[in-house]
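Before any comments, here is the structure.
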Amino acid sequence: MKQYDFVIVGAGLFGAVFACEMKKIGKKCLVIDKRKHKGGNVYCEEIDDINVHKYGAHIFHTNDKKIWDYVNSFVQFNRYTNSPLANYKGKLYNLPFNMNTFYQLWGVKTPEEAKRKIREQVAASFENEPKNLEQQALSLVGEDIYNILIKGYTEKQWGRKAEDLPAFIIKRLPVRFTFDNNYFDDKYQGIPIGGYNKLIDGLLQGIEVRLEVDYFEDRPHWASIAERIVFTGKIDQFFEYKFGILEYRSLHFETERLEVENYQGNAVVNYTEAEVPYTRIIEHKHFEFGRQPNTVITKEYPCEWTPGIEPYYPINDEKNSNMFKQYQQLADKEANIIFGGRLAEYRYYDMHQVIGSALKKVETIKAIIL
Ligand code: FDA
């Protein structure tokens with residue numbers, strides 16, 4: 001019998017949920033993470049009593065009552081509703097595209113008028129079969145919405161001209177003919193009261209965690225002390241980049257503490273023009289309705305990913321998807337290694353999805369070990 005049932009590589013949401021559920025059935029887990037903190041990308045750093053979302057704005061939303069009840073069993077969530085604004089050349093527009101946006105764009109006041117305007121705009125710019133992202137967006141919402149609210153933002157996000165981006169990136173562009181600025185359609189949303197660290201602390205309560213420990217520095221050691229390894233790091237690194245390096249898009253964050261009480265009046269403001277280099281400014285205190293005397297803002301700059309910097313968004317194009325499939329085939333053959341989470345599965349996961357995926361994996365493993 002080895003010292004641990006599971007060594008879990010990664011103290012992010014996947015690793016934390018897995019450890020928590022295994023502890024419930026009496027399994028002994030050790031969680032390691034190469035970072036200085038727990039939580040993975042949902043980690044919050046406290047600055048001036050404000051929870052700063054260190055790796056980008058995180059808003060919890062789900063339609064699944066079980067997942068909502070699950071997270072609320074560790075920490076209570078507030079009633080934060082994501083209603084971002086877009087700033088284009090100094091003018092503000094509500095998002096997602098709704099009757100407020102259409103009024104700001106065209107002065108239209110009724111859904112009928114807005115629908116007519118969009119129909120006219122789409123007809124004026126319609127191409128037969130959209131061949132790229134620009135044509136796709138124009139065929140869905142027409143020129144004004146595309147030029148003011150989509151083009152610059154998307155080009156900054158991907159670092160490429162919209163004409164050079166594939167059409168499939170935008171499958172649909174939801175337009176809403178009500179005066180409703182709630183970004184998500186999900187039944188439940190909010191932010192943990194006191195920040196995401198409370199959720200992670202709740203999940204990892206009573207579980208041994210070692211920080212600043214990189215799994216790759218001593219793989220044989222971890223294998224020698226655990227019956228099974230749960231791996232939530234990069235799958236290509238796990239297999240020593242045998243089939244090549246999986247590509248990502250990255251982000252660079254610039255955080256400033258300001259001696260003003262309220263900088264922009266909203267947690268999220270997107271900058272949709274190409275000339276402003278960042279895509280959005282986050283004012284963290286508004287996620288928790290903060291009343292602190294100062295504020296903290298973060299400017300988010302999309303950037304190229306190179307090995308060594310933080311990988312954020314997988315580039316799920318054909319080349320990378322095929323490469324991932326090869327890695328996945330190797331992963332399937334590893335009897336005592338469980339792969340999970342955004343880096344091991346090379347996919348973008350929202351928080352509720354990664355929690356759902358970890359809970360599902362727990363059930364599969366329980367069926368094997370119990
Ligand atoms: P995560 O990356 O969090 O954890 C993996 C951990 O493994 C890391 O802590 C890492 O250090 C560790 N690790 C990796 N390799 C290791 C090694 N060799 N040795 C030791 N440790 C190692 N979702 C949502 O629902 N609402 C939102 O608003 C947002 N917002 C958002 C913004 C941005 C910019 C991004 C990129 C993502 C979001 N998300 C989101 C998604 C959310 O961040 C995501 O679902 C979870 O963080 C995924 O958790 P994981 O555990 O899979 O990975």
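The values are calculated or read from the model by the stated rules, or taken from the named source; none is laboratory data. Please read all numbers here as calculations on a predicted model, not as lab measurements. Please note: Cβ atoms are built from the backbone with ideal geometry, for glycine as well, and neighbour counts cover all protein chains shown. Surface accessibility is based on the protein's heavy atoms, side chains included, excluding ligands, DNA and RNA. Shrake-Rupley method; radii C 1.70, N 1.55, O 1.52, S 1.80 Å.
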Test: residue in the range 311-327 that is assigned to a loop (DSSP other than H, G, I, E, B), surrounded by 13 or more Cβ atoms within 10 Å (Cβ to Cβ) and out of contact with any Asp or Glu (no Cβ under 9 Å at 6 or more places or on another chain): yes
Scan of the range 59-85 for residues that are farther than 24 Å from K299 by Cβ, in a loop (DSSP other than H, G, I, E, B) and open to solvent by less than 40 Å² (accessible area, probe 1.4 Å), ordered by number: V75, N78
Criterion: touching a residue at least 12 places away in the same chain (Cβ under 8 Å), away from the ligand (no atom under 13 Å from the Cβ) and surrounded by 14 or more Cβ atoms within 10 Å (Cβ to Cβ) - qualifying residue of D164, D180: D180
The range 240-254, residues that are within 13 Å of the ligand (Cβ to nearest atom) and in contact (Cβ under 8 Å) with a residue 60 or more places away in the chain: Y248, R249, S250, L251, F253
Long-range neighbours under 6 Å by Cβ, at least six apart or interchain, first residue within 15 Å of I282 (Cβ to Cβ) and open to solvent by 40 Å² or more (accessible area, probe 1.4 Å) within the range 30-58, second near the ligand (Cβ under 9 Å from one of its atoms) and not aromatic (F, W, Y): Y43/H37
Residue that is most open to solvent (accessible area, probe 1.4 Å) [pool: residues in the range 255-280 that are more than 14 Å from the ligand (Cβ to nearest atom) and not in a loop (DSSP other than H, G, I, E, B)]: R257
Considering residues of the range 212-235 that are open to solvent by 50 Å² or more (accessible area, probe 1.4 Å) and part of a strand (DSSP E or B) only, the residue nearest to G341 (Cα to Cα): R228
Output for the range 339-370, where each listed residue is hydroxyl-bearing (S, T, Y), open to solvent by less than 40 Å² (accessible area, probe 1.4 Å) and either in a helix (DSSP H, G or I) or out of contact with any Ser or Thr (no Cβ under 9 Å at 6 or more places or on another chain) (or both): S357
Within the range 30-73, tally of residues that are within 11 Å of the ligand (Cβ to nearest atom) and of a type in the set (F, W, Y): 3
Failed item, numbered, when N51 is tested on (1) in a strand (DSSP E or B); (2) in the same structural domain as G202 (by TED's automatic domain parsing); (3) not aliphatic (A, V, I, L, M): (2)
Matching residues in the range 16-29 - criterion: being touching a strand residue (DSSP E or B) at 6+ places or on another chain (Cβ under 7 Å) and either within 8 Å of the ligand (Cβ to nearest atom) or open to solvent by 60 Å² or more (accessible area, probe 1.4 Å) (or both): K23, K28
Identity of the residue in the range 194-211, among the β-branched types (V, I, T) and touching a helix residue (DSSP H, G or I) at 6+ places or on another chain (Cβ under 6 Å), that ends up most open to solvent (accessible area, probe 1.4 Å): I207
